[in-house]
Amino acid sequence: MHEAAINSIVALLLKQQQGEITAIEQQELDTWIGASAANRQFVERCLDRDQVATSLEQLDTVDEAAAWQRFLKKNNLPTAPVVPIRKRPWRWLAAAAVAGLLATGAWLYLNNRSQPAKPDIMTVNKGENILPGTNKATLTLSDGRIITLSDQQDGVLAQDGGAAVNKKGDLLEYDTKSDAGNNDNTPVTYNTAQTPRGSTISLTLPDKTKVWLNADASLRFPTSFAGTTRQVELTGEAYFEVAKNAAKPFIVTTGDAQVKVLGTHFNIRNYASEALVKTTLLEGSVEVTAIQDDKKVVLKPAQQALISTRSNISHLIPVQTVDVENVVAWKSGYFDFKSMPLPDIMQEVKRWYSDIEEIEFETPSTERFSATLSRNVPLSTLLKVLEETDRVHFEVKGKRIIVRP
């Protein structure tokens, strides 16, 4: 969805809410809503009172008058003063767009403090034509064959180690109908699912455990879980919904960490560029072990364990309480930056927009930003959202993003 379309639709929703929409405009709005499920979902979120109310709370620190005037100027609308809160259209517009998870222009709630206005910089390329990467996930079979899933039709892709590998849209499903798949004497064979930058994939493993792989990640797993445990190996980030089996614990090994569960929901993040392995529990209970020194901790829901990948010093595993919805926003298709350092945000950008290969900071940045928007938007929309703070500017040159104060 392009920025201009977002502006137009949200403006029509505002008119509708104020009772000022014309019959022609209502027909235009109805046509757009009926064009796709994504359009309907966007409008539903815009009109969800609870979500809009939450977004309004996050708008309290914004310089409302300045933001509203910037929005009017950007969209070639006549300037007007900000009116009292009950009729303040910019606040509803801002909150609705944030709730809709497609942010543009004035409805940015990134500012944590008032900022003096800065002169506009020259018009530069903002990545208007750079879209999120297409789904190029691959599956490596036990014999070394590599299957690019987007090139395959739905159906059985292979028979491997007693399991049928089925493709259903963006889902891979392992089916072990016979007892052979669970026989301890069956030779163990392994498959590896891998997502390049800009791709995700979901899997149903032979034991019916569900896994979602984020971009730039891989999962190595057996085609059948023989023996007394269910063990897989992860790099990158994944969300697990583990099928319950008290007699056969599920174990995830990732770098210097090991996570052991019986049946639960949790997220693991372990990218080579980051200094910590983060295990976040959503439901149930997990035991997290630092492999290097065998330190252990048991997590409760909404807790996150942190294991350093850069230190050889033995210490207790830090545990913190986190917003789990923020941690797994990627799984639902959203960016959810909460006071995130700009360099970390740009790493997320590079990981998701696969056309980008380099991020260049003209000067070191300690700025932090908060924003929520869909991972389906063009790169230009995300960068413009950040630029609305007047604390950062971007230029896209080929496969490189230049970051300026």
Since Thr223 meets every condition but one in (1) at pLDDT 95 or above; (2) crowded, with 20+ Cβ neighbours inside 10 Å, which condition does it not meet?
(1)
Residues of segment 247-263 being under 23 Å from the mean Cα position of the chain (by Cα) and either under 16 Å from Phe221 (Cα atoms) or not in a strand (DSSP E or B) (or both), in sequence order, are Val252, Thr253, Thr254, Gly255, Val259
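Taking the condition of being in contact (Cβ under 8 Å) with a residue 60 or more places away in the chain and under 24 Å from Gly162 (Cβ atoms), how many residues in segment 216-268 meet it? I'd like the intermediate steps shown before the answer.
Of all residues in segment 216-268, those in contact (Cβ under 8 Å) with a residue 60 or more places away in the chain come to 216, 222-224, 237, 239, 267.
Still in the running and under 24 Å from Gly162 (Cβ atoms): 222-224.
Summing the residues that are in contact (Cβ under 8 Å) with a residue 60 or more places away in the chain and under 24 Å from Gly162 (Cβ atoms) in segment 216-268 gives 3.
If we keep just the residues of segment 216-239 that are of a type in the set (Val, Ile, Thr) and not in a loop (DSSP other than H, G, I, E, B), which is nearest to Val188 (Cα to Cα)?
Val232
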Looking at this structure, is Lys208 charged (D, E, K, R) and over 30 Å from Glu357 (Cβ atoms)?
yes
Failed item in (1) charged (D, E, K, R); (2) touching a Leu at 6+ places or on another chain (Cβ under 7 Å); (3) at pLDDT below 75, with Asp48 passing the rest
(2)
Only one of Ser332, Ser370, Ser339 is surrounded by 14 or more Cβ atoms within 10 Å (Cβ to Cβ) and among the small types (Gly, Ala, Ser), namely Ser370
Determine if segment 202-211 includes at least one residue that is under 24 Å from Gln347 (Cα atoms), surrounded by 15 or more Cβ atoms within 10 Å (Cβ to Cβ) and either of a type outside the set (Phe, Trp, Tyr) or modelled with pLDDT under 90 (or both).
yes
Leading residue by the ranking (modelled with the lowest pLDDT) among those in segment 113-170 that are buried (at least 18 other Cβ atoms within 10 Å of the Cβ) and out of contact with any strand residue (DSSP E or B) (no Cβ under 8 Å at 6 or more places or on another chain)
Gly133
Lone qualifier among Glu241, Glu237 - being within 26 Å of the chain's Cα centre (by Cα), under 15 Å from Asn267 (Cβ atoms) and surrounded by 23 or more Cβ atoms within 10 Å (Cβ to Cβ)
Glu237
Within the set of pairs 6+ apart or on separate chains, which have a first residue in segment 149-166 that is closer than 13 Å to Pro206 by Cβ, a second that is in a strand (DSSP E or B) and hydroxyl-bearing (Ser, Thr, Tyr), and C-beta atoms under 9 Å apart?
Asp160/Tyr174; Gly161/Tyr190; Ala163/Tyr174; Ala164/Tyr174; Val165/Tyr174; Asn166/Tyr174; Asn166/Thr204
Can you pull out every residue in segment 282-311 that is in contact with a Leu (Cβ under 9 Å, 6 or more places away or on another chain), without any contact (Cβ under 8 Å) to a residue 24 or more places away in the chain and closer than 18 Å to Glu237 by Cα?
Ala302, Gln303
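The values are calculated or read from the model by the stated rules, or taken from the named source; none is laboratory data. It should be emphasised that the depicted structure is a prediction, and the values quoted were computed from it without experimental measurement. Neighbour counts run over all protein chains shown; Cβ positions are idealised from the backbone, glycine included.
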